[in-house]
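A.B. asks: I have a structure I would like to understand better, so I am pasting it below and will then ask my questions one at a time.
A short reminder: the numbers here are calculations on the coordinates, not readings from a lab. Keep in mind that this is a model prediction, so the values were computed, not measured. Cβ: placed from backbone, ideal geometry, glycine included. Neighbour counts: every protein chain shown.
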Amino acid sequence: MTTQNALNELVGKPYKYGFVTEIETDKISKGLNEDIVRLISSKKEEPAFLLDFRLRAYKKWLQMEEPKWADLGFPQLSYQDIVYYSAPKQNEKKQSLDEVDPKLLETFDKLGIPLSEQKRLTNVAVDAVFDSVSIATTYKEKLAEHGVVFCSISEAVLQYPELVQRYIGSVVPSNDNFFAALNSAVFSDGSFVFIPKGVDCPMELSSYFRINSGDVGQFERTLIIAEENSSVSYLEGCTAPMFDTKTLHAAVVEIIALDKASVKYSTVQNWYSGDEKGVGGVYNFVTKRGHCRGYKSKISWSQVETGSAITWKYPSCVLQGDDSVGEFYSVALTNNKQKADTGTKMIHVGKRTRSTIVSKGISAGQSSNSYRGLVQMTKSAKDSRNYSQCDSMLIGDKASANTYPYIRSQQPRSSIEHEASTCRISEEQLFYLQSRGIGFEEAISIMVSGFCREVFNQLPMEFAAEADKLLALKLEGSVG
Amino acid sequence: MIQPEAKLILDISDLHVSVEGQNILKGVNLQIRAGEVHAIMGRNGSGKSTLAKALAGHPAYSVTSGRVDYLGKNLFDFDPEERARLGLFLGFQYPVEIPGVSNIEFLRVATNSCRKENGKDELDVFEFEDLVNDRLKIVQMDPSFLERSVNEGFSGGEKKRNEILQMALLDPVLSILDETDSGLDIDALRVVSSGVNQLSSQTNATVLITHYQRLLDEITPDFVHVMASGRILRTGGRELALELEQSGYEWVDKELQGGGDN
C-alpha cells in the first residue's frame, strides 16, 4: 500500500456516533417568523423579559446578513426549512432520572455518557441536551450543597430569573452577529452555571449536546457566571447522527468572571462532518465569548474540534479587569471536505492583562483549516502582553492550512508576539517510526498527539484521554 | 566470528531493486550467518544504501526481482514494522527529526512493540526507565536526551548515538548500520563503535555500510564486500578494506569495463 492510500484510508474511518434514536418528538412546524419565536417562548413558559429579548433579537436578525468574510463557500442556507424546536415527548416535569425515557438514557450510554446513577462518571456532573431540550442534569443536589447552580438554562430562567436577566446578552449582545442574533431569538436550551463567591466548584461540570433529528437546528445557549474568588472547570461534548442534509447548529456561550474568578471551558466537538464527498454534516456557527470583568480574573478556552462540515468559531476573551488573563488552546482537525475557520479574539482593556494563544491545526484529505485570530490592545491596556503560536500540520498533499492573525495595538506599552509554523508528516518520518516496530496507524497517531501535546495538557485530566482517543478514532479507526 | 555451521540469518539471492523507475540493485547475492560482522563498501551511488533501505522496507524502493529469506521466511511478506519486530534493525544514515514526540515515549513504544511480538511483557513507564538508563551507558548518552523530541536539534553525533541506543533497546537479530560513522569525530566514533561491539554476539549479526577504513579499525569485520553498479563485485576478509584504503576504487572501474564478474 502506498503511503498516500494508507493515509486516505486511515483518515476516512466511519463516524461511530451516526445512529438515530427512534423516539416520539414534540416538533413544531418548519420555518421562522415572529409567531414561532413566541411559540418557543410560550412552550417554555418564559417570563416576559425573555420574550422581549427574543423578539428584539429576531427583529435585528431580519436586518442582518450571513457573514461571508470567512470564505467558507457554503451555499445560502434556507432558514425557512429548519425546525426550530423539537423535544422528545416524555412525562411532564420529570423529577428524577427514573422518569426519563429509557431510550434517551440508552442513547447517552451509547455515546459513552452514562447518566444513570450507578454508572455515572465520578466527579463529573453532566447536563444532557437532546435536540432542543435538556433531558437530565446529574449531581444537582450535591452541587447545591456548595451553592453551585448547574441546570438547564430553561430551568434557570424559571428558578433564577433575576440572574438570567442580569447577565444574558451582556457578553454577546443579541445583535453581535447574524448567528448570535438568530440564537438569541430561537435558543431552546443549554446549560446554566452559577458559582457563588468564594466557592471552588467541587466537581467538573459537563454538558453533552446531541442533535437527533435531521431537520432540526440546535440553538443552545450557555451562561456561566463565576462570582468573586470562585473557580470552575466546564466541558462540553457534541455529536450528531449522519444525515445527508446539512444540519445547522448555532450556539452562544457567555462567560462572566468577576474579581479573581477563574473559569476553564473545554470543548470536544465531534458533530457529524459529512461523508468523504462532503454530503451532509453539521454547520457549526458558534459565538463564544468570555468577559473577564473583575481584577485578576481568568478565562481559559480549550477546544478540540474534529467534527462538523463547517466550523466557524472564535472563543474570545474581553480582558477588562486589571491583571486579568485570557487563554485559548485549540486543536482543530479537518478531513475530507471539512472546512474550519477557527481562532480567537483577545481584547485587552485592563492594565497588565495577559493572553496566550496556542493553536494547532491538522488538515487531511481535501479539507481546509484556517486559524483566524484578533489580538487587540486598547488605549487603556498599559503593560499588557500577548503571546500567540499557530502551528499547522498537513497530512497528504490535497489539504490546506491558513493563518490569519489580526493585530491592533493602540497602546505602545504593550507587547504582542506571534509565531507560526507549518509542517507535513513526511514519508521519511513514518518510515523511521515503522522501522522501529511501530505500526503505521500508531505512527501517525503518535505524531499527531505529539503535535497537539501542548493543547492536550490544558484539558481536564478526565478529558485529555478522551480527546486523544477522539483524534485517534478520526485518524486511526482502531481505537474504540 | 565465522562459524560455517551457524544459523543463516539473511539469504539474498539475485536481488533487483528500483527507485522511481531507475534500476539501482542489479543482482545482489549475500549470505549472513549468526555471529558474523559484514562490511559493505563502495563509492557513492553503488547501491549500498539502497540495499539497506530495501531490506528495511522503505516504500520508495521497489523490489523488481530476486528473493530475500530472513530467518527462513520471505522478507518481502512483511511490512517495515513487522520486519523490525522480527529483529531487523536499520541504523539510519540521516535519522529524521520528529518534533513534539518525546524521545523516551518513542523509545518505549518501539521497545514494547518489539517485545510484544516476541512474547515478552510490555514495560510500564518505570520499568522502561530502568532499562533505558542502563542502555544509555552503552552509548554514553546524557539522560536529558530522553526528554527532548526525537532527534530534534540533536547534533550529528547525538543522532547516531540515539540510533545505537535504539539498537540496544530493540535487541535486534540483524543490524544494518548505514554510514553510522559519517559525520562523527574520532571520540564519537569510538563511543558508537564500542556500543556496536558490546551489542554484538554469537546470536546476532551486523552489517556495516561505510566508506572508511577507520570504522573497521574499531569494529573488526569478518567479511568485506565491495559494491559497484548495484552488485557485490568482490568479497574478502578485512584485508580487502585495507587494500581499498591504499589503492582506491580504480580497479573497480577496470573490472567493470572488462566485464569482470565474481
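A.B. asks: Measuring from a point 7 Å past the Cα of residue A:454 along Cα-to-C-beta, which residues in region A:378-404 have an amide N at less than 20 Å?
C.D. replies: It comes to A:385-395, A:401-404, nothing else.
A.B. asks: While we're on this one: Just need the relative contact order of region B:8-257 here, percent rounded to a whole number, with Cα pairs under 8 Å and 6+ apart. Write down the numbers at each step before the final one.
C.D. replies: Details: 455 pairs, mean separation 70.2, N = 250.
Computed value for region B:8-257: 28 percent relative contact order.
A.B. asks: Mind jotting down the distance between the C-alpha centroids of region B:184-207 and region B:109-176, whole Å?
C.D. replies: 15 Å
A.B. asks: Neighbour counts of other C-beta atoms within 10 Å: give me A:348, B:225 arranged from fewest to most. Before the final figure, lay out each step's value.
C.D. replies: Numbers: A:348 31, B:225 24.
Going from least to most buried by this count: B:225, A:348.
A.B. asks: In the neighborhood of residue A:290, defined by Cβ-to-Cβ distances under 13 Å, what is the net charge if each Lys or Arg adds +1 and each Asp or Glu adds -1?
C.D. replies: Charge balance near residue A:290 sits at +4.
A.B. asks: Okay, next question. Would you look at the GNM of chain B, springs on alpha carbons closer than 10 Å, and say which of B:139, B:173, B:125 moves the most?
C.D. replies: Comparing B:139, B:173, B:125 in a Gaussian network model of chain B, the most mobile one is B:125.
A.B. asks: Say the dipole of region B:87-201 comes from +1 at the beta carbon of Lys and Arg and -1 at that of Asp and Glu; which of B:128, B:151, B:113 then lies farthest toward its positive end?
C.D. replies: B:113
A.B. asks: Can you check what the net charge comes to around residue A:134, using other residues whose Cβ is under 10 Å from the Cβ of residue A:134 (Lys, Arg +1; Asp, Glu -1)?
C.D. replies: Its environment carries a net charge of -4.
A.B. asks: Can I ask one more? To check my understanding: the extent here is largest minus smallest coordinate of the Cα atoms along each principal axis. What are those three numbers for chain B, in Å, largest first?
C.D. replies: So the extents along the principal axes, rounded to whole Å, are 61, 40, 39.
A.B. asks: In the P(r) worked out for the protein assembly as shown, what percent of Cα pairs fall beyond 33 Å?
C.D. replies: 57 percent
A.B. asks: Counting only other chains, and only Cβ atoms inside 10 Å, what mean value do you get across the residues of A:437-446?
C.D. replies: On the way: counts 22, 10, 7, 3, 0, 3, 6, 0, 0, 9.
Going residue by residue through A:437-446 and averaging, the value is 6.
A.B. asks: Using the Cα atoms of region A:288-338, I'd like the radius of gyration and the largest Cα-Cα distance, Dmax, both in angstrom.
C.D. replies: Over region A:288-338's Cα set, Rg and Dmax evaluate to 13.9, 45 Å.
A.B. asks: What is the spin-label model distance, in nm, from residue A:385 to residue A:277 if the labels are put 7 Å beyond Cα along the C-beta direction?
C.D. replies: Rounded to a tenth, the inter-label distance reads 5.3 nm.
A.B. asks: Take region B:6-94, drop everything but the C-alpha atoms, weight them equally and run the Debye formula without solvent; then report log10 I(q)/I(0) at 0.17 Å⁻¹ to two decimals.
C.D. replies: The calculated log intensity ratios at q = 0.17 Å⁻¹ are -0.71.
A.B. asks: Which order results if A:61, A:69, B:251 are arranged by neighbouring Cβ count within 10 Å, fewest first? Write out the running numbers ahead of the final one.
C.D. replies: Working: A:61 23, A:69 7, B:251 15.
Fewest-to-most Cβ neighbours within 10 Å comes out as A:69, B:251, A:61.
A.B. asks: Once R0 is set to 41 Å, what does the formula 1/(1 + (r/R0)^6) return for the Cβ-Cβ distance between residue A:427 and residue B:214, expressed as a FRET efficiency to the nearest 0.05? Intermediate results must be reported in sequence, preceding the final value.
C.D. replies: Working: r = 33 Å, r/R0 = 0.79.
Calculated transfer efficiency: 0.80.
A.B. asks: Sorted by packing (mean other beta-carbon atoms within 10 Å per residue), highest first, where do B:18-25, B:174-181 land? Display every interim value, and only then the final one.
C.D. replies: On the way: B:18-25: 14.8, B:174-181: 24.1.
Those peptides, ordered most packed to least, come out B:174-181, B:18-25.
A.B. asks: Ranking request for peptides A:384-391, B:151-158, B:2-9: highest mean number of other beta-carbon atoms within 10 Å first, then the rest in descending order. Before the final figure, lay out the partial values.
C.D. replies: On the way: A:384-391: 21.4, B:151-158: 15.5, B:2-9: 12.5.
Descending packing order for the listed peptides: A:384-391, B:151-158, B:2-9.
A.B. asks: Fewest to most neighbouring Cβ within 10 Å: what's the order for A:45, A:254, A:236?
C.D. replies: On the way: A:45 9, A:254 21, A:236 24.
In increasing order of surrounding Cβ atoms, one gets A:45, A:254, A:236.
A.B. asks: To continue, here is another question. Could you order peptides A:273-281, A:338-346, A:25-33 by the average number of other Cβ atoms within 10 Å of their residues, highest first?
C.D. replies: Averaged packing, sorted descending, gives the order A:338-346, A:273-281, A:25-33.
A.B. asks: Binning at 10 Å from 0, report for region A:20-421 what percent of all alpha-carbon pair distances ends up in each bin.
C.D. replies: 5, 23, 33, 27, 10, 1, 0
A.B. asks: Here is a follow-up. Would you work out the charge dipole size for the protein assembly as shown about its Cα centre, treating the Cβ of every Lys and Arg as +1 and the Cβ of every Asp and Glu as -1, and quote it to the nearest 20 debye?
C.D. replies: Numbers: 80 positive and 100 negative charges, 463 e Å.
For the protein assembly as shown, the charge dipole is close to 2220 debye.
A.B. asks: Would you kindly compute the Cα radius of gyration of region B:76-229 and its largest Cα-Cα separation (Dmax), both in Å?
C.D. replies: 15.3, 49
A.B. asks: Quick one: which of A:197/A:360; A:246/A:288; A:197/A:351; A:360/B:48 span more than 31 angstrom between C-alpha atoms?
C.D. replies: A:197/A:360; A:360/B:48
A.B. asks: Right, here's the next one. Taking a cut-off of 16 Å, what percent of all Cα-Cα pairs in region B:174-261 are separated by more than that? It would help to have the intermediate numbers written out before the result.
C.D. replies: Values: 2163 of 3828 pairs.
Within region B:174-261, distances greater than 16 Å cover 57 percent of Cα pairs.
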